[in-house]
Amino acid sequence: MAMAALRREGRRLAPLISPRTITAVRSSPLYTTLEDEGPLGVRHISTQVVRNRMKSVKNIQKITKAMKMVAASKLRAIQTKTENSRGLWQPFTALLGDLPGADVKKNVVVTISSDKGLCGGINSTSVKISKGLHKLNSGPEKETKYVILGEKAKAQLVRDSKKDIELIITELQKNPLNYTQVSVLADEILKNVEYDALRIVFNKFQSVVSFVPTVSTVLSTEIVEREAESGGKLGDLDSYEVEGGETKGEILQNLAEFQFSCTMFNAVLENACSEQGARMSAMDSSSRNAGDMLDRLTLTYNRTRQASITTELIEIISGASALEG
């Protein structure tokens, strides 16, 4: 309103100024500089930019909060299944043992990861351990292959270990996880891969903010028999009474296949639980960071707006003083 009054005052005084003076002012460097700044309102563009940035950060904060709530809901649904699945593979560990140091020629590293990102570093951790196992079990007379579950491990391992990848399976969590689905998957792996030892790499869930990278080992029937004959942990198998006409080799074959499917089921659930917990933590951190950024942008916006108002007041006062003079 004050600026409009000042413009009216200028128009009223314009006839009193000679045309020669107007021409001189227009050709002066000062007038050119003011004209290059653009039309009225350009001085407020920094405030508009900050306002747009604040709007973007608010939208991002809404998305991260929603993703945290979705991850929390999925975590509650999976956590009960995960705790119940731990009772499946533990009897096999007590009977057959878990022998990560077994010296075999054909190793298959089963890397379990997620199909989606924004869940911290759980996928990178699994890939690093898988690469370490591959390097540890490689040699002139040894062969180590990869079986990959999940898009994230696939994206990382394809770059430098494409020739060692035997099988890739994705979209595992497209439907709710159940034992039937995972047992079919385990059967598919056993049919397409030759192995002496299957080393399953996954993240074991402990809490929302804690997971432990874990490796479970499942040995083939031949290696199980070899370890049993050597009198190791598997030697206790002879103390059990076997009913029916099945031979010891057939029993070991069935046990090894069932052990692998149970271990895979637990590993997939543990990793899915860890994924949702890590995503909750990541989205919570993102929401807090967005809040901090919003506070800083609000402070910047207020300072910019105050500076703009102060500049306008100075111009009004200067113009009024010039008219009075």
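The values are calculated or read from the model by the stated rules, or taken from the named source; none is laboratory data. Quick caveat: nothing in here was measured; it's all calculated off a predicted structure. As a convention, Cβ positions derive from the backbone with ideal geometry for all residues, glycine included, and neighbour counts pool all protein chains shown. Each accessible area value is taken on the protein alone, full model and side chains, heavy atoms only, with ligands, DNA and RNA left out. Shrake-Rupley method; radii C 1.70, N 1.55, O 1.52, S 1.80 Å.
Tabulated values for the structure
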| item | result |
| --- | --- |
| Restricting the range 185-238 to residues that are aliphatic (A, V, I, L, M) and part of a strand (DSSP E or B), the residue that is modelled with the lowest pLDDT | 219 |
| Test: residue in the range 187-206 that is surrounded by fewer than 18 Cβ atoms within 10 Å (Cβ to Cβ) and of a type in the set (Ser, Thr, Tyr) | no |
| Among residues of the range 47-75, those that are more than 16 Å from the chain's Cα centre (by Cα) and open to solvent by less than 50 Å² (accessible area, probe 1.4 Å), counted | 5 |
| Residue in the range 65-82 that is out of contact with any helix residue (DSSP H, G or I) (no Cβ under 7 Å at 6 or more places or on another chain), at pLDDT below 95 and within 23 Å of residue 263 (Cβ to Cβ) present | yes |
| Test: residue in the range 142-151 that is among the β-branched types (Val, Ile, Thr) and outside any strand (DSSP E or B) | no |
| Identity of the residue in the range 151-186, within 21 Å of the chain's Cα centre (by Cα) and among the small types (Gly, Ala, Ser), that ends up surrounded by the fewest Cβ atoms within 10 Å (Cβ to Cβ) | 155 |
| Leading residue by the ranking (nearest to the chain's Cα centre (by Cα)) among those in the range 245-262 that are open to solvent by 40 Å² or more (accessible area, probe 1.4 Å) and without any contact (Cβ under 8 Å) to a residue 24 or more places away in the chain | 254 |
| Of all residues in the range 116-139 being over 15 Å from residue 202 (Cα atoms) and among the hydrophobic types (A, V, I, L, M, F, W, C), the one that is surrounded by the most Cβ atoms within 10 Å (Cβ to Cβ) | 118 |
| The range 78-115: number of residues that are in contact (Cβ under 8 Å) with a residue 60 or more places away in the chain, open to solvent by 70 Å² or more (accessible area, probe 1.4 Å) and closer than 16 Å to residue 271 by Cβ | 1 |
| Residue in the range 140-150 that is surrounded by fewer than 18 Cβ atoms within 10 Å (Cβ to Cβ), at pLDDT 85 or above and under 18 Å from residue 266 (Cα atoms) present | no |
| Test: residue in the range 273-284 that is over 19 Å from the mean Cα position of the chain (by Cα), at pLDDT below 95 and of a type in the set (A, V, I, L, M) | no |
